[in-house]
Amino acid sequence: MLSPTPFSLFCALLLCLPLAIIFTIITPPIPTTTSNTSATSTTNTTSATSTTNTTATTNGGATAAPTPNTTTNKTSVNPLPTFTPTIKTQENIKNTTTTTTTTSPPPAAAEDDDDEPLLRRASRVNPNPSTPKKVAFMFLTTTPLPFAPLWEIFFNQTPTNLYNIYIHAAPSSPYDPPFSGLFENRVIPDSKPTRRFSPTLVSAARRLLSHALLHDTSNSMFALLSPSCIPLHSFNFTYKILIQTKKSFIEILKNEGGAYQRWAARGEQTMLPELPFHDFRIGSQIFVLTRKHARIVVSDRRLWSKFKLPCLDEYACYPEEHYFPTLVNMDDPRGCVPATLTHVDWRNRHDGHPRTYTASEVGPDLILSLRTDRPRYGDDEINGSDSSVSRRHDPFLFARKFSPDSIQPLLRIANDVIFKD
């Protein structure tokens, strides 16, 4: 057999070279992916763009064809995405030898953008109420109002020029029976769904305040109530207490257990610089605000830009119990009494819900004991010049929580006990 000559080898190489060039040009590059394991996908999501990188692994251990990177622009209809507490930084992705992690502040919720025109108009109303002064009763609910018959008696024979009623009713919930009587046609038009552990309850209260400010220049005091609230006194007594005061009643507590975890629920540095920890306060969302403070709430953008962010630690996330007391305390501490006028029993409760009074517990003794109990006042001593908070004993005007089946025993003692001052 003849050995190939150098010339024949050279000719064969020339014949193969074009094929090699064509193969190199048409072969696509293999995209790189970032994953913790061979079967894990890493997803980075922002409010406007979602990017997904995926590496799939077959049972035999061979890597299947990877999915190329895709970027999709979309408007999020759900402002409450789920975030993990810790993510890798861009340096970590580029340099696999770096192990440093950082807590990432979540993006801003998009839902509040729809409320901006409403809030802006409400912030420009006259700060001084016209006469006769009215009380705005604002119900924030996701259910029918089980105590509507009791409230009807409360408002019965009361001049309508002394009060207004507003309802924020989540549109996704059924309301059977529907709102009727004094509550008919009182639902504000832009009510939206609400959820615990999210800023949606704060947004709902801000909408109620905005509508009440815009609807009637006579609204002087703004009482936020839940569907499980009942009145403890007659309308005349309640009206006199609220209109004669020149201060808001809002619980403002400083040294509560777990306060730091609540402040850092969005990330340890997320609330800075707008809200250092020493300015963070906790209190009941059920409040009564003056017209001045209602305008402060709807005008605020600085603190709301922080509180509207979703939480990384959901179980330390109660924005409705943090935003209002913190804002009022930072802006006008001497303009409020740091206590709520709605009685609630948190003793021996560890499930995030206060005590619920049932039908069997309802009677004259319960109502009288709720009336005579003393509110818990804030521990900042900010009202030292106001005859000292330590000597105050403001009357509770409302109480919660009552079970829906307690409506009948409440109605039986309404005229002789509840509305008899």
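Tabulated results
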| read-out | value |
| --- | --- |
| Prolate/oblate/rounded call for segment 111-418, Cα gyration tensor, a/c under 1.5 rounded | rounded |
| Amide H contacts of L341 (H built 1.01 Å from N, under 5 Å, at least 5 apart or other chain) | V288 |
| Positive-end extreme of charge dipole, segment 111-418 - chosen from A359, N329, S369 (charges on Cβ) | N329 |
| For segment 161-259, projected area of the alpha-carbon convex hull averaged over all directions, nm² | 8.6 |
| Using a Förster distance of 45 Å, the FRET efficiency for E116-E152 (Cβ separation, nearest 0.05) | 0.80 |
| q = 0.12, 0.13, 0.18, 0.26 Å⁻¹, segment 278-356: log10 I(q)/I(0) [Debye, one scatterer per Cα] | -0.39, -0.46, -0.85, -1.36 |
| Projected label distance in nm at R392 and D405, using a 7 Å step from Cα toward the beta-carbon | 3.8 |
| Of K246/K306; K254/K401; K133/K420; K134/K247, pairs whose Cα-Cα distance is over 26 Å | K246/K306 |
| Local electrostatic count, T158, Cβ distance below 12 Å [Lys/Arg +1, Asp/Glu -1] | 0 |
| Net lengthening on full extension, T143/L214 (0.36 nm per residue, minus Cα-Cα) | 23.0 nm |
| Protection proxy ranking of 348-360, 244-256 - average other beta-carbon atoms within 10 Å, highest first | 244-256, 348-360 |
| For segment 111-418: relative contact order, % (alpha-carbon pairs under 8 angstrom, 6 or more apart) | 22 |
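Readers should treat all values here as calculations from the given coordinates under stated rules, not as data from a laboratory. These numbers come from a predicted model, not from an experiment. Note that we place each Cβ from the backbone using ideal geometry, even for glycine, and neighbour counts take in every protein chain shown.
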